[in-house]
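See structure below.
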Amino acid sequence: MTPRRQRMVLVGLFVAGVAVAVGLALRAFQENLLYFYTPTQAIAGEAPDGKKIRLGGMVQKGSVRREPGDLELRFDVSDNEKTMTVAYSGVLPDLFKEGQGVIAMGQVDANGIFRAEEVLAKHDENYMPPEVAATMATDGQATPVPPPSTDAALN
Amino acid sequence: MSEFFAMGGYANYVWPAFGITAIVLMVNLLAARRQLRQTRERLQLRLVRQSGKRVNT
Amino acid sequence: MWTWFFQLASPPHFYRMAGSLVPWLLWPALLLIVIGSWGGLVQAPADYQQGDGYRIIYVHVPSSYLSMMVYVTMAVAAGIGLIWRIKLAHAVAASCAPIGATFTAAALVTGMLWGKPMWGTYWQWEPRLTSELILLFLYFGYMSLRSAFNDLNQSDRASAVLALAGVVNVPIIHFSVLWWAGLHQGPSISKIDAPSIAFDMLWPLLVMILGFTLFFLGVLAMRVRGEVLEREFHSRWAQDVLRGASPMEAG
C-alpha cells in the first residue's frame with residue numbers, strides 16, 4: 001500500500017468512526033433528545049411526572065373553545081390516536097389554527113388537563129398562494145395542510 | 001408602495017432578515033478584499049526588507 | 001486523467017486563474033441576488049398561511065444551504081489536503097471557515113426572525129436549530145484551532161482532522177427534521193414527491209440559491225489567492241507577482 005492510499009484509508013476510517021460514534025450516542029440519548037411527547041405518550045405516562053414537558057400534536061377541528069368571561073382558552077390536541085385537552089391563557093402565534101400542528105409547554109394537572117404556559121405553532125413545508133390552496137381544498141384533493149408528522153416521535 | 005414596505009404586517013421581521021443578509025454579503029466581500037490587499041502589502045514590505053538586507057551585507 | 005487536477009492545484013496556475021475568475025463569479029452573483037430578491041419580495045404571491053411573512057425564506061434558505069455547503073467544501077478540501085498533501089487544498093479549507101461562519105450566523109438570525117411571528121418563539125432547543133448552532137461552533141472551533149499553532153503544517157493538519165470530524169453534523173442538520181419530531185418543518189425543495197412550493201414562489205428561491213453559491217465561490221477565490229500568495233512567499237512566481245513583474249496580476 002502506498003503511503004497515499006494508507007492516508008486515504010485512515011481518513012475514511014476516521015470519518016466513518018466519528019459517524020458511528022455520533023450515531024450510537026444519538027441512539028443512546030434518543031429519549032433525552034425527545035423534543036415533545038404525543039398525547040398517546042403523555043396519557044400512557046411515558047413523560048416524567050411533575051416535570052414540565054412539551055406536548056405536540058394537531059389542534060382538533062372545532063375543539064377551540066373559550067368559557068364566557070374567562071381568559072382561558074381550551075382546545076384538544078390529537079395525534080390521531082389519543083386526545084388531550086390543553087388549557088392556555090396567553091398570546092397565540094399567528095399560525096395557531098384548528099387543524100394545525102402545535103407544541104405546548106406545560107404540565108398535566110390532576111384532572112388530566114394539560115396546563116400550558118407557552119403554545120407554539122408548527123407549520124408544514126408547503127408554500128402556495130391562497131387561490132391555489134382554495135382550489136385544492138374544493139377539488140377534494142388531499143388538503144394542503146397535512147397533519148404534522150407526530151408519528152415520528154412514536155418510533 | 002407603503003403596502004409593499006408593510007409586508008402584510010411582517011415588516012419588523014422581513015426587512016431585518018433581508019438587511020442582516022445584505023450585511024453578511026457585504027462583510028464577506030469587504031473582508032475578502034481587505035485580506036487579499038493586506039496580505040499583498042505585508043508580503044511586499046517583507047520582500048523589500050529582505051532584498052534591502054541582501055544589498056547591505 | 002489526473003493531470004488537470006494537479007495542474008489546477010499548482011499554486012501559480014491557480015492564483016492566475018482564480019484572479020481572472022473572480023469578476024465572472026461575483027457580477028453574475030450580484031445580478032442573480034438582485035433578480036431573486038425582486039422575485040421573492042415583489043413577484044412571488046403571499047403564502048396562504050403565512051402571508052408576506054414567509055418571504056424570509058428567500059434569505060433564510062440560501063444562507064442555511066451555504067452554511068452546510070461551505071462546510072462540506074471545507075471538509076473535502078481538508079481531506080484532500082491530508083491525503084494528497086496538497087497545500088492548495090489546505091488553503092481552500094482555511095479560506096472556507098470565515099465565510100461559512102458568517103452564513104451560519106445569517107441562517108440562525110433570519111431563522112429566529114421567521115420563527116418569532118410564525119411559531120411564536122425566537123429560539124427552541126429543538127433538533128434542527130440546535131444542530132445548526134453546533135455548526136456555528138464547529139466553524140469557530142476550526143478557526144481558533146488554526147490560530148493556536150505557529151507552524152502552518154501543524155495548523156493545517158490539526159484543523160483538517162477537526163473539519164473531517166465535524167462533517168457528520170451536516171447530514172444530521174439536513175435530516176434532523178425527518179429523524180426527530182421537532183418544531184422545524186420538513187424540506188420543501190428536496191422532497192421527492194409532489195412539489196411543496198408553488199412555482200411562482202420557487203423560482204426566486206432557486207435564483208437566490210444559485211446567486212449565493214456563485215457569491216461564495218467568488219469570495220472564496222479571493223481569499224484563497226491571499227492564502228496562496230502567503231504560503232508561496234519564498235517561491236519565485238510569488239515574488240514576481242509581489243514586485244508587479246508578473247502578468248499574473250489580472251484581477
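A short reminder: the numbers here are calculations on the coordinates, not readings from a lab. If you're wondering where the values come from, they're calculated on a predicted model, not measured in any experiment. All Cβ positions, glycine included, derive from the backbone under ideal geometry; neighbour counts span all protein chains shown.
If you place +1 on the Cβ of every Lys and Arg and -1 on the Cβ of every Asp and Glu, how big does the dipole about the Cα centre of chain B come out, in debye to the nearest 20?
920
In the protein assembly as shown, with Lys and Arg counted as +1 and Asp and Glu as -1 at Cβ, which of these residues, C:Gly100, C:Tyr122, A:Val132, has the Cα nearest the positive end of the dipole, that is, farthest along it?
Projecting each Cα onto the dipole axis, the largest value belongs to C:Gly100.
Taking +1 at the Cβ of each Lys and Arg and -1 at the Cβ of each Asp and Glu, which of A:Gln100, A:Leu71, A:Ala28 sits farthest along the dipole of region A:24-132 towards its positive end, judged by Cα position relative to the Cα centre?
A:Ala28
Please report, in debye to the nearest 20, how large the charge dipole of region A:39-151 is about its Cα centre when each Lys and Arg carries +1 at its beta carbon and each Asp and Glu carries -1 there.
For this selection, approximately 220 debye.
Excluding same-chain pairs closer than 8 in sequence, count the lysine pairs in the protein assembly as shown whose Cα atoms lie under 16 Å apart.
For the protein assembly as shown, qualifying lysine pairs total 5.
Can you list the chymotrypsin sites (Phe, Trp or Tyr not before Pro) in region C:111-197 that are in a DSSP coil and have 11 or fewer other beta carbons within 10 angstrom? The partial results should precede the final answer.
Values: sites: C:Trp114, C:Trp119, C:Tyr122, C:Trp123, C:Trp125, C:Phe137, C:Tyr139, C:Phe140, C:Tyr142, C:Phe149, C:Phe175, C:Trp179, C:Trp180; in loops: C:Trp119, C:Tyr122, C:Trp123, C:Trp125, C:Phe149, C:Trp180.
Passing both the DSSP loop test and the Cβ count: C:Trp125.
If you take the square roots of the eigenvalues of the alpha-carbon gyration tensor of the protein assembly as shown and sort them as a ≥ b ≥ c, do you get rounded (a/c under 1.5), prolate (a/b over b/c) or oblate?
prolate
Dipole magnitude of the protein assembly as shown about its Cα centre, charges +1 at Lys/Arg Cβ and -1 at Asp/Glu Cβ only, in debye to the nearest 20?
Dipole about the Cα centre, nearest 20: 3100 debye.
Any idea what angle helix A:3-28 forms with the longest principal axis of chain A, computed on alpha-carbon atoms, 0 to 90 degrees, nearest 10?
Here the helix axis deviates by roughly 30 degrees.
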